[in-house]
Amino acid sequence: ELMTGYTMLRNGGVGNGGQPWVLRWSSRIRLTWLSFTLFIILVFFPLIAHYYLTTIDDADDAGKRIFGPRTGNELCEVKHVQDLCRIRESVSEELLQLEAKRQELNSEIAKLNLKIEACKKSIENAKQDLLQLKNVISQTEHSYKELMAQNQPKLSLPIRLLPDKDDVTFPLPKSNRNCRLHNCFDYSRCPLTSGFPVYVYNSDDYPFGSSLDPLIKQAFEATVRTNVYVTENANIACVYIILVGEMQEPVMPKPTELEQQLHSLPYWRTDGHNHLIINLSRKSETQNFIYNISTGRAMIAQSTFYDVQYRPGFDIVVSPLVHAMSEPNFLEIPPQVPVKRKYLFSFQGEKIESLRSSLQEVRSFEEEIEGNAPADYDDRIITTLKAVQDSKLDFVLVEFTCKNQPKASLPTEWALCGERDDRLELLKLSTFALIITPGDTHLVISAGCAMRLFEALEVGAIPVVLGEQVQLPYNDVIRWNEAALIIPKPRITEVHFLLRSISDNDLLAMRRQGRFLWETYFSTSDNVFSTVLAIIRTRIQIPAAPIREENAVEIPHRSGKAAGTDPNMADNGDLDLGPVETEPPYASPKYLRNFTLTAMDIYRNWNSAPGPFHLFPYTPFDPVLPSEAKFLGSGTGFRPIGGGAGGSGKEFQAALGGNVPREQFTVVMLTYEREEVLMNSLERLNGLPYLNKVVVVWNSPKLPSEDLLWPDIGVPIMV
């Protein structure tokens, strides 16, 4: 049946009449099927594809997404294209940022322009105010000068008085032993502005000159030639000096002959006022040979005096001249440390004639305690010192008998033992050096005691002087208690305890002060002569002569770039260093303390070691105030130096700002081939208030490098 139906369909239906219907039906089926197929394709296939693609996009690995929804910058599928896209995106962001900054800067520039205009207006107003202030100041200064000229007289230096050559109207004292400066010295010959001229007689022009020791005379003449106060014009001289010792015994004149020769000096003027007789003798036979000579009103300078002969404040106790024609060998001087040496103290000497034998008097101990002064303590001193040596509590060396022939000495004086080199070797091993004064209390000082003092100070043995009546050299201007121990003889039993109780610091301080005194006032003939003149000048209150100026060899140097300001100076907290000077450096006022310094600061100038902080040569006869010049003693450093009108005499940093309305200071720097450190130190001075100039002392025989660029700090740098 199926076959039959199929046949029928192929043949167009049943019979001939069914063929058109079959064709129509067939066409409808095809259209329907086609429409249905298209519907299925257009509807379901997109849905299925969408679902499938959505499932793939939900995978964990986002880098494998290919067909999912993406932004515009992810449409690129090639790697180098993606990189280009990223670059484009970064550049775009930067351009946006630059544009924003440009707009901000434009706004800031506009604001700054407004501020500049405002500042310009303020500057113009300030200039006008400053000009008005300058005019007011100028008018005020002019008015001040007019008032000062009206109310204050003009002062000038006093007219110098030149007395007549043969002035004999000077009042005479009752006795030459009563001579003091007020009644035996003619002040009219020594005005304050005279400069202290000194005339020295030429010993060769007089008979006694042939009797002088050649070495002493030669050393004295060499010292006179270089002294700043010596003048050849005797008519204007303030003091006249004559050397009379050391005399040679064989040809020594008689006292009466020497007295006549002194009185016949051309400027003696009947009584010898304003004359100074110097006797540098060290021998016992000649150390006081002018004792029986009438010296009138002349001052005497020697190392031996009796109490009836010595006039305090008028005569001068000098040190013996040991190094006549040669400088002391400082290399042989022992160092200051160690403080304590082998022997606690030492003494060597022999007493040729005791006071008992010379005065032919004997006193018992009972007489001494009843109030009568003992004739001689030396026996008790010998007993006590031997007991200390025998106790062996400390190493001490005392010898009261010389191994060789003792040196000649005065009666009751302890004679020196051995040669000078042997005595120095013992003192180098001694912490203290005992100096026993003569038993004769009328002998206030002797050449032997002065020699012991000289040798002790030279090698650093602290002098222990037994006898408070002694007059040590230059005692009216030197504080001997800072360098020596002066103990009364009755305290001989307490000397050991006293020496043991002194601390090491005090020992070192006394030793250093003793070394300073020896180097400054005792060591050479030049020091002795200059010290004698300085004492007289100080007594009559004449200021020291200014130190001779010497032109320094300035080293040429090139300045580099301007140095920056030290940031440490910019932030000073509450400390106001003052304004930075905008005007050129100006000179300080003159130093006005020349005439008051001598009267007010005697002991400070004489007893203070100069140390490393004095730029100019510091000597007792040409004192330089510490405020005038200072610098650091070693390395590369600097210290401000206050100039100006003086006043308190402090260094600049101790009174910041000075004592006048406008005052500046100079920085002095000492360096030695440390160029980098020096340049750094100089740069730190840039912008320092009150700075006038910088002086660099190049302490080296080798000059600085030629290619070295010195900083420009706004003030002159002198090398």
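The values are calculated or read from the model by the stated rules, or taken from the named source; none is laboratory data. These figures come from a predicted structure and were not determined experimentally. Don't worry about glycine lacking a Cβ; one is built from the backbone with ideal geometry, like all the others, and counts go over all protein chains shown. To get the accessible areas, we keep the full protein, side chains included, count just its heavy atoms, and leave off ligands, DNA and RNA. Shrake-Rupley method; radii C 1.70, N 1.55, O 1.52, S 1.80 Å.
The figures follow:
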item: Residue within region 443-455 that is within 20 Å of P328 (Cα to Cα), touching a residue at least 24 places away in the same chain (Cβ under 8 Å) and in contact with a helix residue (DSSP H, G or I) (Cβ under 7 Å, 6 or more places away or on another chain) present; result: yes
item: Inter-residue pairs, beta-carbon under 6 Å, first within 12 Å of I293 (Cβ to Cβ) and in region 234-261, second open to solvent by 10 Å² or more (accessible area, probe 1.4 Å) and hydroxyl-bearing (S, T, Y), 6+ apart; result: E259/S294; Q261/Y206
item: Complete set of residues in region 435-474 that are in a helix (DSSP H, G or I) and either closer than 15 Å to Q309 by Cβ or outside the structural domain of P488 (by the TED database) (or both); result: A447
item: Residue ID - surrounded by the fewest Cβ atoms within 10 Å (Cβ to Cβ), chosen from residues in region 705-716 that are in contact (Cβ under 8 Å) with a residue 24 or more places away in the chain and over 15 Å from Q664 (Cα atoms); result: S705
item: Residue identified as farther than 19 Å from R558 by Cα, at pLDDT below 90 and open to solvent by 30 Å² or more (accessible area, probe 1.4 Å) among K693, K650, K702; result: K650
item: Residues satisfying the stated conditions in region 369-394, i.e. closer than 14 Å to T441 by Cβ and either part of a helix (DSSP H, G or I) or at pLDDT 95 or above (or both); result: D378
item: Among (1) in a loop (DSSP other than H, G, I, E, B); (2) charged (D, E, K, R); (3) modelled with pLDDT of 95 or more - the single one D506 does not satisfy; result: (1)
item: Condition check for D526: part of a helix (DSSP H, G or I), over 25 Å from R311 (Cβ atoms), open to solvent by 10 Å² or more (accessible area, probe 1.4 Å) and out of contact with any helix residue (DSSP H, G or I) (no Cβ under 8 Å at 6 or more places or on another chain); result: no
item: Per-region count, region 489-511, residues surrounded by 13 or more Cβ atoms within 10 Å (Cβ to Cβ) and within 21 Å of Q336 (Cα to Cα); result: 7
item: Every pair of residues 6+ apart whose Cβ atoms lie under 6 Å, when the first sits in region 459-481 and is on the phi < 0 side of the Ramachandran plot and of a type in the set (S, T, N, Q) while the second is surrounded by fewer than 20 Cβ atoms within 10 Å (Cβ to Cβ) and outside any helix (DSSP H, G or I); result: Q469/T441
item: Among residues of region 290-308, those that are under 23 Å from V239 (Cα atoms), touching a residue at least 24 places away in the same chain (Cβ under 8 Å) and open to solvent by 20 Å² or more (accessible area, probe 1.4 Å), counted; result: 1
item: Unmet criterion (only one of (1) at pLDDT 90 or above; (2) open to solvent by less than 20 Å² (accessible area, probe 1.4 Å)) for V200; result: (2)
item: Odd one out for V532 among (1) within 30 Å of G245 (Cβ to Cβ); (2) surrounded by fewer than 20 Cβ atoms within 10 Å (Cβ to Cβ); (3) in contact (Cβ under 8 Å) with a residue 24 or more places away in the chain; result: (2)
item: Tally, over region 312-324, of residues that are more than 35 Å from the chain's Cα centre (by Cα) and either closer than 22 Å to F220 by Cβ or surrounded by 18 or more Cβ atoms within 10 Å (Cβ to Cβ) (or both); result: 2
item: Tally, over region 350-368, of residues that are surrounded by 13 or more Cβ atoms within 10 Å (Cβ to Cβ), out of contact with any Cys (no Cβ under 6 Å at 6 or more places or on another chain) and either at pLDDT 60 or above or not polar (S, T, N, Q) (or both); result: 9
item: Candidates I536, I555, filtered to the one that is part of a loop (DSSP other than H, G, I, E, B) and at pLDDT 75 or above; result: I555
item: Residue under evaluation Q287, criteria (1) buried (at least 20 other Cβ atoms within 10 Å of the Cβ); (2) on the phi > 0 side of the Ramachandran plot, criterion not met; result: (2)
item: Conditions (1) within 28 Å of Y229 (Cα to Cα); (2) within 24 Å of the chain's Cα centre (by Cα); (3) open to solvent by less than 30 Å² (accessible area, probe 1.4 Å): number failed by P546; result: (3)
item: For N279: the one exception among (1) in contact with a helix residue (DSSP H, G or I) (Cβ under 9 Å, 6 or more places away or on another chain); (2) open to solvent by less than 10 Å² (accessible area, probe 1.4 Å); result: (1)
item: Failed item, numbered, when E232 is tested on (1) closer than 26 Å to F196 by Cβ; (2) in contact with a helix residue (DSSP H, G or I) (Cβ under 9 Å, 6 or more places away or on another chain); result: (2)
item: Residues within region 459-488 that are surrounded by 21 or more Cβ atoms within 10 Å (Cβ to Cβ) and among the β-branched types (V, I, T), tallied; result: 6
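Conditions tested, residue by residue: (1) open to solvent by less than 60 Å² (accessible area, probe 1.4 Å); (2) in contact with a helix residue (DSSP H, G or I) (Cβ under 8 Å, 6 or more places away or on another chain); (3) at pLDDT 85 or above.
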site: Y144; (1), (2), (3): no, no, no
site: L147; (1), (2), (3): no, no, no
site: K154; (1), (2), (3): no, no, no
site: R160; (1), (2), (3): no, no, no
site: D167; (1), (2), (3): yes, no, no
site: F170; (1), (2), (3): yes, no, no
site: K174; (1), (2), (3): no, no, no
site: S188; (1), (2), (3): yes, no, yes
